[in-house]
Amino acid sequence: MIAALLLAAAVAAPGVIDVAPDLQVRPLRPGVWLHTSWKKLEDGTPFPSNGLLVKDGRELLLVDTAWGEGPTSELLRWIDLTLKLPVRRAVVTHFHDDRTGGLSLLAARGVRVYAHPLTLGLVPAADRARLTPLAGLSSAGGEVSTVGPLEVFYPGPAHSRDNVVVWVPSARVLFGTCATRAADATSLGNVADADVPEWPESIRRVLERYPRAAVVVPGHGDPGGVELLRHTLELLGSAPGATTK
C-alpha cells in the first residue's frame, strides 16, 4: 500500500517523464530538471531519492547521481536522447550512495565531479580518485564555493558531516539534499552519520542565506518552499540531543 501511494504521488506530479521503472525526470523551473530514482528498502518498499540537472549554456551540470549505476545509466541515456546536451561537470552533495552511486559511469564519460573535501575522506578509495575537492570549503560551517552557475554552500554538519546544499540563482532553486526533510516527513530519517546537535544551526544558516528560494528540493520526497527548512527545524526540535540555541 505504501509503495503504491509513493508511486501514485510521483505520477501525479505535473510534467513527469517516466524514463525507467525506477527513474523519473520532470522540469522544475526553466533550465532546471528534477531527477528522482527509487531503490527498494529491506522491507521491499521503493524509496525515492532526488537530484538536479541544470542547464549551463550548451552543456548540463548534474547534481547528485541517481541511486545506483542502473538508474544513472538510464538518466545519462535519457539526457543524450532527449536534452542532447553533454554533462561536463557534476556535484555530489555528500558521501552516501544515493548521491554517489553512479560515480563510475560519470568517470567513464570524463565528467569532472566536485565534492566537499570531507567527502573525499568518506567515500570508498575507488570513488575518491573520481572526485575533485570544492575550492574554499573546510570543516567550518558557512563557507561557499562555485561550480559554473551553481553556488555550493556548506552550512555545517547535519544529515552527514560533509553535506552541502546547492543554489541555482537564475531559477531560485535550492537543493537542500538530505539535510532538508520533505513536508510529509515525520522523522529525521537516516541519522547513522548525522550530527544531530549541530543540524539545527546548519539549517538556520541555510535559511538565513536563501530566504527567497522559490523552490526547495529535499533529498527524498516532494519539493516545496522554504517551509521545508522550517519543518526540518521543527523535527529537530523534538530530536534527542539537538541544540535549540
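The numbers here are math on the coordinates, done by the rules we state, and not lab data. Just so we're clear, the structure is a prediction, and the values are computed from it rather than from any experiment. Backbone-built Cβ (ideal geometry, glycine too); neighbour counts: all protein chains shown.
General observations
- Reciprocal of mean inverse Cα separation for the stretch 14-237 (Kirkwood radius, Å): 17.1
- Listed by chain and number, the aspartates and glutamates whose C-alpha is less than 18 Å from the C-alpha of Lys55, apart from same-chain residues fewer than 8 away, are Asp64, Asp80, Glu151.
- Helix runs (DSSP H) in the chain reaching 20 Å along axis by Cα, Kyte-Doolittle at least 1.0: none
- Counting DSSP beta bridges with both ends in the chain, the antiparallel % (nearest 5): 70
- Each stretch of four or more DSSP H residues adds -39500 (n - 2.57); spread over every residue of the chain, this sum gives -6500 deg cm²/dmol at 222 nm.
- Expressed to the nearest 5 percent, the antiparallel share of DSSP beta bridges inside the stretch 46-107 is 55 percent.
- Relative protection proxy for 93-101, 26-34, 204-212, from highest mean packing down: 93-101, 26-34, 204-212 (other beta-carbon atoms within 10 angstrom).
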